[in-house]
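Notes follow once the structure below has been shown.
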Amino acid sequence: MRVASNQLKHMSDFYHRELSGIYNEGEINAMYQNAISHYLHIPYAEVHKHANDKINQSELILIYDCCKKLREQQPLQYILGEAFFYGLSFNVNAHVLIPRPETEELVDIVVKNCTGKKTFLDIGTGSGCIAISLAKYNKQFRVTACDVSDQALQTAALNAQKNKVELKFTETNVLNKTEFETQVNGSFDVIVSNPPYIKEEEATQLLPNVMAHEPHLALFVKGSDDILFYRKITDICSTKLNSGGSLYFELNPLTAQKVLEYVEASGQFKTCELLKDLSGKTRFLQATKH
Ligand code: SAM
Ligand code: GLN
């Protein structure tokens, strides 16, 4: 691997040469622009204006190493240690899922439909992207975020500081109702969750960079019950969701109907509906408690 000179346009040629065949042209352009923007503190949209700029040796090494890691299919956000979500910057690492665009849509639905609500619980918070975005969006929202992973919670707490919001964090296992009910205090107007929803058999269909680098604890639901997390969270609503409160899920389109049927059959909700994401896939559930 060789870069022709320390001018940025040669670094761009280098990225294209090294990464073509692994990623398409558009992806390489976006990864290059993101890397340059991150390491050189140049706005993303202005990177092209700096093609003739020269970079110093330490900048060159950082940008070169980033390309080497991209060749190994490490996700760019983990290489940079940063991901953007709902207009905010989040630290990310191997203990947390990289926030997805469809989850931004979920946050958008929640903020639009929950203006009068006060208390929010995010189950399986990971990087904290949902909980922190809600708290940042509306200063009146009081948000609690929980996760079974201590390392994820540490990352989420750092992200709350970084984005200057105060949240309550609780380490707990949502699959154990008794433990959950004692560890998570009080009840809430809104419960939101993007739980692990990929069946282990579906693992072969995941992109290699997701499979090799993202936390399996965040992605996979173990065993034969593919809606286990949704059943447990629905059951928890009987004690943890206030009357008139709302439940929001991000869903796997493959099991969306099954989740809807379970939530309806619980008898706790007066309304319950599935919503599509921008790509037309059935992706969210919204329900209102009696
Ligand atoms: N909320 C983040 C987002 O939307 O990007 C992360 C969602 S990730 C799909 C699921 C999260 O659930 C992970 O952070 C994982 O650690 C957490 N989790 C997995 N099993 C759990 C359990 N039994 N109890 C609580 N959280 C759990
Ligand atoms: N949307 C993520 C993916 O496709 C999975 C998130 C989840 O399991 N909740 O990789």
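Do any trypsin sites (Lys or Arg not before Pro) in the range 218-265 lie in a DSSP loop with no more than 16 other beta carbon atoms within 10 Å, and if so, which?
Passing sites in the range 218-265 are Lys222.
Proximity of backbone amide H atoms, modeled 1.01 Å from N, is registered between Lys168 and Val143, Thr144, Ala145 at under 5 Å, excluding neighbours fewer than 5 places apart on the same chain.
The average projected area of the range 104-176, computed from the convex hull of its Cα atoms over all directions, is 4.6 nm². Rounded to the nearest Hz, the phi-derived 3J(HN,Hα) couplings of the range 213-227 under the Karplus curve 6.51 cos²θ - 1.76 cosθ + 1.60 (θ = phi - 60°) are 10, 8, x, 5, 4, 7, 9, 9, 9, 7, x, 8, 8, 6, 10, where x marks glycine and proline. Report summary: the helix-based calculation at 222 nm, which adds -39500 (n - 2.57) for every DSSP H run with n ≥ 4 and divides by the residues of the chain, gives -12500 deg cm²/dmol. Restricting attention to the range 57-96, which GluC sites (Glu not before Pro) occupy a DSSP loop and are surrounded by at most 16 other Cβ atoms within 10 Å? Answer in residue order: Glu72. Projecting the Cα atoms of Leu217, Leu206, Ser243 onto the charge dipole of the range 202-244, computed from C-beta unit charges around the Cα centre, puts Ser243 farthest toward the positive end.
If the chain linking Asn176 and Tyr39 were pulled fully straight, counting 0.36 nm for each residue of separation and taking away their Cα-Cα distance, it would gain 45.0 nm. Our estimate of slack between Asp53 and Leu206, defined as 0.36 nm per intervening residue step minus the Cα-Cα distance, is 51.2 nm.
With all protein chains kept in place, the per residue accessible area of the range 106-239 amounts to 45 square angstrom at a probe of 1.4 angstrom.
Rounded to the nearest 20 debye, the dipole size of the range 102-153 about its Cα centre is 460 debye, using +1 on the Cβ of Lys and Arg and -1 on the Cβ of Asp and Glu.
When only the Cβ of Lys, Arg, Asp and Glu is charged (+1, +1, -1, -1), the dipole of the chain relative to its Cα centre reaches about 640 debye.
Using the average count of surrounding beta-carbon atoms within 10 Å as a protection proxy, the listed peptides 145-157, 87-99, 209-221 rank, highest first, as 145-157, 87-99, 209-221. Think of a 1.4 Å ball rolled over the protein heavy atoms: the range 57-104 then has 46 Å² of accessible area per residue. Separation of the range 216-275 and the range 75-103, taken as the distance between their Cα centroids, equals 25 angstrom. Counting only Cβ charges, +1 for Lys and Arg and -1 for Asp and Glu, the dipole size of the range 1-117 around its Cα centre is about 180 debye.
The order of Lys117, Lys162 by accessible area, most exposed first and with a 1.4 Å probe, is Lys162, Lys117. Rank Cys114, Ile22, Gln257 by how far each Cα sits towards the positive end of the charge dipole of the chain (+1 on Lys, Arg Cβ; -1 on Asp, Glu Cβ) and give me just the farthest. Farthest towards the positive pole: Cys114. Orientation-averaged projection of the range 71-205 equals 9.0 nm² [convex hull of Cα atoms, one quarter of hull surface area].
The rule of thumb for compact globular proteins, 2.2 N^0.38 Å, goes into the C-alpha radius of gyration of the range 210-288 1.17 times. Within the range 134-290, the proportion of Cα pairs with more than 28 Å between them is 22 percent. In the P(r) worked out for the chain, what percent of Cα pairs fall beyond 32 Å? Value for the chain (Cα pairs over 32 Å): 31 percent. For GluC sites (Glu not before Pro), the sites in the range 153-241 that DSSP calls loop and that have at most 12 other Cβ atoms within 10 Å are Glu166.
Residue-wise HN-Hα couplings along the range 270-282, as the Karplus relation 6.51 cos²θ - 1.76 cosθ + 1.60 with θ = phi - 60° gives them from phi, are 8, 9, 7, 9, 9, 10, 8, 8, 5, 8, x, 8, 5 Hz; Gly and Pro carry x. Along the range 74-84 the Karplus relation, 6.51 cos²θ - 1.76 cosθ + 1.60 evaluated at θ = phi - 60°, assigns HN-Hα couplings of 6, x, 3, 5, 6, 5, 7, x, 8, 9, 9 Hz to successive residues, with x for each Gly and Pro. Cross-link partners of Lys118 among lysines, defined as those whose alpha carbon lies under 29 angstrom from its own and excluding same-chain residues fewer than eight positions apart: Lys136, Lys139, Lys162, Lys164, Lys168, Lys177, Lys232, Lys240, Lys270, Lys276, Lys289. Cβ-Cβ distance of Ala30 and Lys270, R₀ of 35 Å, FRET efficiency by 1/(1 + (r/R0)^6): the value works out to about 0.20. Straight-distance candidates among the lysines for linking to Lys54, with alpha-carbon spacing under 30 Å and chain neighbours fewer than 8 residues away dropped: Lys9, Lys68, Lys69. Per residue, the Cα convex hull of the range 10-125 amounts to 133 Å³.
The values are calculated or read from the model by the stated rules, or taken from the named source; none is laboratory data. All figures in this text were calculated on a predicted structure; none of them were measured in a lab. Quick reminder, even Gly has a Cβ in these numbers, built from the backbone with ideal geometry, and neighbours come from all protein chains shown. Calculation scope for accessible area: heavy atoms of the full protein, side chains included, ligands and nucleic acids excluded. Shrake-Rupley method; radii C 1.70, N 1.55, O 1.52, S 1.80 Å.
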